[in-house]
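Chemist: Got a structure for you, written out below as structure tokens; questions coming shortly.
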Amino acid sequence: MRRLRFAIFLFLSALAPAQTPQWSAEKANEWYARQPWLVGSNYIPATAINQLEMWQAETFNTDRIDMELGWAEALGMNTMRVFLHDLLWQQDSGGFRRRIDRFLAVAKKHKIRPIFVLFDSCWDPFPELGTQHNPRPGIHNSGWVQSPGARALADPKQETRLLEYAENLVLAFADDDRVLAWDVWNEPDNTNDSSYAGGELRNKVELVQAFLPKVFRYARAGRPTQPVTSGVWKGDWSAPGKLSPIEKIQIELSDVISFHNYDKPEEFEKRIQWLQAWRRPILCTEYMARGNGSTFQGILPVAKKYNVAAYNWGLVAGKTQTWLPWDSWQHPYTDRQPSIWFHEIFTTNGKPYRQEEVDFIKSIIAQSKGKHR
């Protein structure tokens, strides 16, 4: 029996893809020391309701992206977090790869290096290629879609396709210094209780928990020269024993630690202090919800103090409608506007929502130049 188990182990090991090993903490910190203070946004052009509309050939809009990234460059931003989708690779891997290359050329023109997100558990669990529906009136992120969708996640026959997407897309840009990092899965254990709970798989968390380590492994099989991460976003991270199983996977398999926080500066700072225990670079890949007390003036000084990268949600108001708050799912803003924008920096035509915010972002980034490392 022991010999049989050993033989099975060898067989399975032979099937596993060769991969770049996880970075040591020393290597991760050396990499981070070469970066400027990383400040940017989660980015999708105002003309797209979701990842599919951003990237599909018929709606990929480089002129709009060029203009909007120019606004980001004027703030001093040097990075963006950008979501991809497995269905785009399945549909036309060559075309998708060429569009990513064009996006990277535009981003480089504006001195911006993106983090690319491979998978995402948030919002609509049933993505479909083709023409995307119009935004639902008055509702925050009414068209954003998950990757993989519920059907693909539940279908063992699609596992190979999904893992090969992760490996081959990373491989296509593994040596590209225009890419900053890879975020393998956004909020993997998010069950969307306030929006799409009725359409979610009952065993979604269990399926993701089993799949996530494989995604890390296959992303590394693409031999990336950039770091790999997945961000924790809820719960208590103050000690290893308090992590959920998925949080444990995320932190223990990441080259650099990433997290989300939409709370006031005191909570934001506490969570940074918790994550410092892992002695790796820390990137906050989502923050800034004005109605929650998460603001640029409150969060960026804390991020700068601890040398934490900071990516707010939303650059330009558009079809995602994420200037509307989360509670719009229960109370759509069809007959009124919110008293304060939830996310976004610019209106669709490039005018700042709040000039004082734009002035502050410019100032704090400018102060870091020439002084950071």
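Chemist: Please enumerate the residues belonging to the stretch 250-297 that are in contact with a Pro (Cβ under 6 Å, 6 or more places away or on another chain) and either aromatic (Phe, Trp, Tyr) or closer than 26 Å to Gln35 by Cα (or both).
Modeler: Asp255, Val256
Chemist: For the stretch 299-310, state whether one or more residues are in contact (Cβ under 8 Å) with a residue 40 or more places away in the chain, surrounded by fewer than 17 Cβ atoms within 10 Å (Cβ to Cβ) and not hydroxyl-bearing (Ser, Thr, Tyr).
Modeler: yes
Chemist: Condition (residue is farther than 21 Å from Thr47 by Cα and either assigned to a loop (DSSP other than H, G, I, E, B) or of a type outside the set (Asp, Glu) (or both)) applied to the stretch 339-353: is it met by at least one residue?
Modeler: Yes, there is a match, as at least one residue in the stretch 339-353 is farther than 21 Å from Thr47 by Cα and either assigned to a loop (DSSP other than H, G, I, E, B) or of a type outside the set (Asp, Glu) (or both).
Chemist: To continue, here is another question. For Asn61, only one of the following conditions fails: (1) farther than 24 Å from Pro127 by Cα; (2) free of Cβ contacts under 8 Å to residues at least 24 places away in the same chain. What is its number?
Modeler: (1)
Chemist: I'd like the full set of residues that are hydrophobic (A, V, I, L, M, F, W, C) and either in contact with a Phe, Trp or Tyr (Cβ under 6 Å, 6 or more places away or on another chain) or in a helix (DSSP H, G or I) (or both), limited to the stretch 293-309.
Modeler: Scanning the stretch 293-309 gives Phe296, Ile299, Leu300, Val302, Ala303.
The rows are residues; the columns are (1) hydroxyl-bearing (Ser, Thr, Tyr); (2) over 20 Å from Ser254 (Cβ atoms); (3) part of a strand (DSSP E or B).
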position: Val179; (1), (2), (3): no, no, no
position: Thr191; (1), (2), (3): yes, yes, no
position: Gly198; (1), (2), (3): no, yes, no
position: Leu201; (1), (2), (3): no, yes, no
position: Glu206; (1), (2), (3): no, yes, no
position: Pro213; (1), (2), (3): no, no, no
position: Arg217; (1), (2), (3): no, no, no
position: Gln226; (1), (2), (3): no, no, no
position: Lys234; (1), (2), (3): no, no, no
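Chemist: Just the residues that are among the aliphatic types (A, V, I, L, M), touching a strand residue (DSSP E or B) at 6+ places or on another chain (Cβ under 9 Å) and assigned to a helix (DSSP H, G or I), please, taken from the stretch 262-292.
Modeler: The answer is Ile272, Leu275.
Chemist: Looking only at the stretch 130-139, decide whether some residue is among the hydrophobic types (A, V, I, L, M, F, W, C), surrounded by fewer than 21 Cβ atoms within 10 Å (Cβ to Cβ) and at pLDDT 95 or above.
Modeler: yes
Chemist: Out of the residues in the stretch 217-238 that are farther than 13 Å from Gln19 by Cα and of a type in the set (A, V, I, L, M, F, W, C), which is surrounded by the most Cβ atoms within 10 Å (Cβ to Cβ)?
Modeler: In this case the residue turns out to be Val232.
Chemist: So the check is Cβ under 9 Å with 6+ separation or different chains; which pairs have a first residue in the stretch 235-247 that's over 17 Å from Phe216 (Cα atoms) and a second one that's aromatic (Phe, Trp, Tyr) and not in a helix (DSSP H, G or I)?
Modeler: That search, which allows pairs on different chains as well, returns Trp237/Phe259; Leu243/Trp237.
Chemist: Another one. Can you tell me which of (1) part of a helix (DSSP H, G or I); (2) of a type in the set (S, T, N, Q); (3) farther than 26 Å from Val256 by Cα is the one Thr322 doesn't meet?
Modeler: Thr322 satisfies every listed condition except (1).
Chemist: For the structure I just gave you, tell me whether Ile345 is of a type in the set (Val, Ile, Thr), surrounded by 17 or more Cβ atoms within 10 Å (Cβ to Cβ) and modelled with pLDDT of 95 or more.
Modeler: For Ile345, the condition - of a type in the set (Val, Ile, Thr), surrounded by 17 or more Cβ atoms within 10 Å (Cβ to Cβ) and modelled with pLDDT of 95 or more - is met.
Chemist: Where the second residue is of a type in the set (Phe, Trp, Tyr) and part of a strand (DSSP E or B) and the first is more than 17 Å from Asn349 (Cα to Cα) and lies in the stretch 40-53, which pairs have Cβ atoms under 9 Å and are six or more apart or on separate chains?
Modeler: Every condition considered, the pairs that remain are Gly40/Tyr311; Ser41/Tyr311; Ser41/Trp313; Asn42/Phe83; Asn42/Tyr311; Asn42/Trp313; Asn50/Phe83; Gln51/Phe83.
Chemist: Mind listing just one residue for me: the one in the stretch 29-48 that is in contact with a strand residue (DSSP E or B) (Cβ under 9 Å, 6 or more places away or on another chain) and aliphatic (A, V, I, L, M) and, of those, farthest from His110 (Cα to Cα)?
Modeler: Among residues in the stretch 29-48 that are in contact with a strand residue (DSSP E or B) (Cβ under 9 Å, 6 or more places away or on another chain) and aliphatic (A, V, I, L, M), the one farthest from His110 (Cα to Cα) is Ala46.
The values are calculated or read from the model by the stated rules, or taken from the named source; none is laboratory data. These figures come from a predicted structure and were not determined experimentally. Positions of Cβ are generated from backbone atoms using ideal geometry, with glycine treated the same way; all protein chains shown enter the neighbour counts.
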